[in-house]
Structures are given as C-alpha cells and as structure tokens.
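Chemist: Would you mind keeping the following structure in view while I ask a few things?
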Amino acid sequence: MTAPLPADVAAILERGELCYVAARARRGPHVTPTVFALAADRVWVTTSRTSVKARTWRTDPRAAGLVRVGEVALSFAGSVRTYDALEVGALVPNLLDAPVLALAWVRFTRKNARFFAGYALDAHHVPLAWTPPARVFTAIEIERAAIVGPEGVAETFGAWPRRQASARRFRAVGARVPILEALPEDVSGPLGLVGHGALALEGPDGLSVLPVGWVVERGALYAAAARETFALAGAERPRLPAALAMDRASWWRARHMVGAMVRGEAELAVVAELASGARSAAAIARAVGAAEDAVVARMRPERLVWWRGWTSGTVAVP
C-alpha cells in the first residue's frame, strides 16, 4: 500500500485504543493486545526484547494486526522494522531514522499518556521487562488493510486472497476438559463465557487477524464472524494454525488488564455449506451476534497463555 494511508484507515488507527498484534512464531500465530500509535503512516508498538514477537521478528519480519473502534474494525498486515537501542549494528540506521523515531515516540507517548500515568502509580510493581531499557520500538508498515463491520467487509486496500474452505460436517461436541477451567480463576472469571476477540489465522498468503465473537459451549471454545470476514484469511483447507486473544482491558492501568490467548488450530465451517450440523453451527453464530452468512471456527487448543497485569503463564491443554 502506498503512503499516505487512506483516510478511513488512518481514522480508525487514530481513534483505536489497543492493537492486537500477531507474529508467525514457531508454534503458529501469536497474538496479544498492546498500546500503539500511528506516525509516518506506520503503526508503532513496543515489546519486550525477549518476547515471542521480538524473537520471531528477527528472522520473520512480518506482522498482522487488528484495531477496533466500536463495531468497526481494521484488519491489516505488513512488514516490521525494529529499533533496538542496544543493538550495535543498528546504530547507523537508527541515527538515519532519528527524525521519524522522534516523531513516533512523541505520538506514542501522547496517545498513551494515561497508561504511562498508570505505570507511574504502579512503579514499584512494574517488572524489568516492562521498563523502557528492556523494550524495543517496532514499526509496522501496512501493506494491506480491510475495514470490517458486523455484516462483513466494508472496504479493502491492497491485495487480499478472499478464499474460504469449509468442513463438510459440524458437531458441537463438548470438551473433555472445559477449556477455560485450565486458567486461574481470577482470569477465567473476568473473561466470562462469551465476548469479542481477535483471531489470528496463518493462511497460505500469510497472517491475518480478524474480529470475531467467541463463546464457550459445553466447555468447548468457538469463534464466529461473517463469511466475508473469514475469507480475508484465504483458507484453502478447513484447518489452519490459529490463535485467539480474549481480554478484558483496563482504560488506563496495565495492572488491571486480564486476558488469555488460545493457541492451536481452528477448524472452519461455513454454515451455509455444511452437509450436517448446520443448525448447531448457526446457533453458535447467533450466540455471538454473527451475521447469518457466518463461518464458525472450532478452536482445537494446544496451549493457553494467560495474563493478569504483569503476571503471565502458560498452560498445556490435555
């Protein structure tokens, strides 16, 4: 996508509070929410130098993201450039980009001033990995974007695949071990059993992060959205590596943020194309407020990553 960004895309990025950023890690997509800012037509985020994203971007500098503003969302993908003050080899490139870096940091600080105020209040609780010396500043140059509403895709910019494979049959089978029971109670409690999420899918054309509704039925986890929305992932087969981020954000204090990421596979079912189980799939789609022409994704988790403030953990799913 050529600069400047389309006005509609820039407007959503200016108004959005959090960006759900995904990287293509060794075990499949990894997606979590973070504060961000728009500067020089790029999305700027920070991450710990030792995080999964930072390690992944050293060898695979690709990213995808999602920003929500009310019922409208912006899904985008592009290339990554990381600025690390401790990387000696990057000293000259960083100096050459100093004016852009200065602008980006000013906008990042101004946009997220209330979160920095929250850090100040909780200074004695903030771990080293969350302090400026342990973090890197990252720019995502947007190459494709899609504006998505409850009924599907409203507008696209750049090349999107627009394909959608589907399982032939669907059955809402309960989980042997209810998925959210593996989480700490003070994480699963605030999350509840239904909500909005960000679903990262790894298709043949790369990563995409889609706005979905999610619901737990009989212990199993499902995500659903309009068929047009899922087609952005370009699925050529019904199962894709996936990660679903679910969270309850705080308006200004990272200490109060709670969330979880489910990593594994998503089995996709287009309700209108099912040979059997269409009624069960349609009921799940209705439960999250998805459009009639919906796709339901059954999450087949391998592990859960959870966070509560600055505390986090990983749980293997039996």
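Chemist: Given the residues Gly259, Gly289, Gly264, which is the only one that is in contact (Cβ under 8 Å) with a residue 24 or more places away in the chain, among the small types (Gly, Ala, Ser) and more than 30 Å from Arg114 (Cβ to Cβ)?
Modeler: One residue alone meets the criteria, Gly264.
Chemist: Moving to a separate point now. Give the residues of the range 1-52 that are in contact with an Asp or Glu (Cβ under 7 Å, 6 or more places away or on another chain) and among the small types (Gly, Ala, Ser), sorted by residue number.
Modeler: Across the range 1-52, the qualifying residues are Ala3, Gly28.
Chemist: I would also like to ask the following. Identify the single condition in (1) surrounded by fewer than 17 Cβ atoms within 10 Å (Cβ to Cβ); (2) closer than 21 Å to Ala146 by Cβ; (3) among the hydroxyl-bearing types (Ser, Thr, Tyr) that Thr50 does not satisfy, given that it satisfies every other one.
Modeler: Failing condition for Thr50: (2).
Chemist: Scan the range 130-152 residue by residue and report those that are closer than 30 Å to Gly192 by Cα, assigned to a strand (DSSP E or B) and of a type in the set (A, V, I, L, M, F, W, C).
Modeler: Passing the criteria: Ala146, Ile147, Val148.
Chemist: If you take the residues in the range 202-216 that are surrounded by 15 or more Cβ atoms within 10 Å (Cβ to Cβ) and over 19 Å from Gly259 (Cα atoms), which one is farthest from the chain's Cα centre (by Cα)?
Modeler: Asp205
Chemist: Still on this structure: Taking Gly189 as the residue in question, decide whether it is farther than 25 Å from Ser280 by Cβ and surrounded by fewer than 19 Cβ atoms within 10 Å (Cβ to Cβ).
Modeler: It is true that Gly189 is farther than 25 Å from Ser280 by Cβ and surrounded by fewer than 19 Cβ atoms within 10 Å (Cβ to Cβ).
Chemist: Give the residue that is surrounded by the fewest Cβ atoms within 10 Å (Cβ to Cβ), with candidates limited to residues of the range 1-25 that are among the small types (Gly, Ala, Ser) and under 14 Å from Ala40 (Cβ atoms).
Modeler: Of everything passing the filter in the range 1-25, Ala3 is surrounded by the fewest Cβ atoms within 10 Å (Cβ to Cβ).
Chemist: Follow-up. Can you find a residue that is of a type in the set (Val, Ile, Thr), buried (at least 18 other Cβ atoms within 10 Å of the Cβ), at pLDDT 95 or above and part of a strand (DSSP E or B) anywhere in the range 271-285?
Modeler: For the range 271-285, residues of a type in the set (Val, Ile, Thr), buried (at least 18 other Cβ atoms within 10 Å of the Cβ), at pLDDT 95 or above and part of a strand (DSSP E or B): absent.
Chemist: Let me ask another. One residue is enough: does the range 163-184 have a residue meeting the conditions under 22 Å from Gly70 (Cα atoms), surrounded by fewer than 24 Cβ atoms within 10 Å (Cβ to Cβ) and at pLDDT 95 or above?
Modeler: no
Chemist: Another question about this same structure. Among the numbered criteria (1) free of Cβ contacts under 8 Å to residues at least 60 places away in the same chain; (2) among the acidic types (Asp, Glu); (3) in a strand (DSSP E or B), which single criterion is violated by Glu302?
Modeler: Only one criterion in (1) free of Cβ contacts under 8 Å to residues at least 60 places away in the same chain; (2) among the acidic types (Asp, Glu); (3) in a strand (DSSP E or B) is unmet by Glu302, namely (1).
Chemist: With the requirement that a residue be part of a helix (DSSP H, G or I) and not basic (Lys, Arg), what does the range 39-62 give you?
Modeler: Val52, Ala54, Thr56, Trp57
The values are calculated or read from the model by the stated rules, or taken from the named source; none is laboratory data. Not measured: the values here are computed from a predicted model. Quick reminder, even Gly has a Cβ in these numbers, built from the backbone with ideal geometry, and neighbours come from all protein chains shown.
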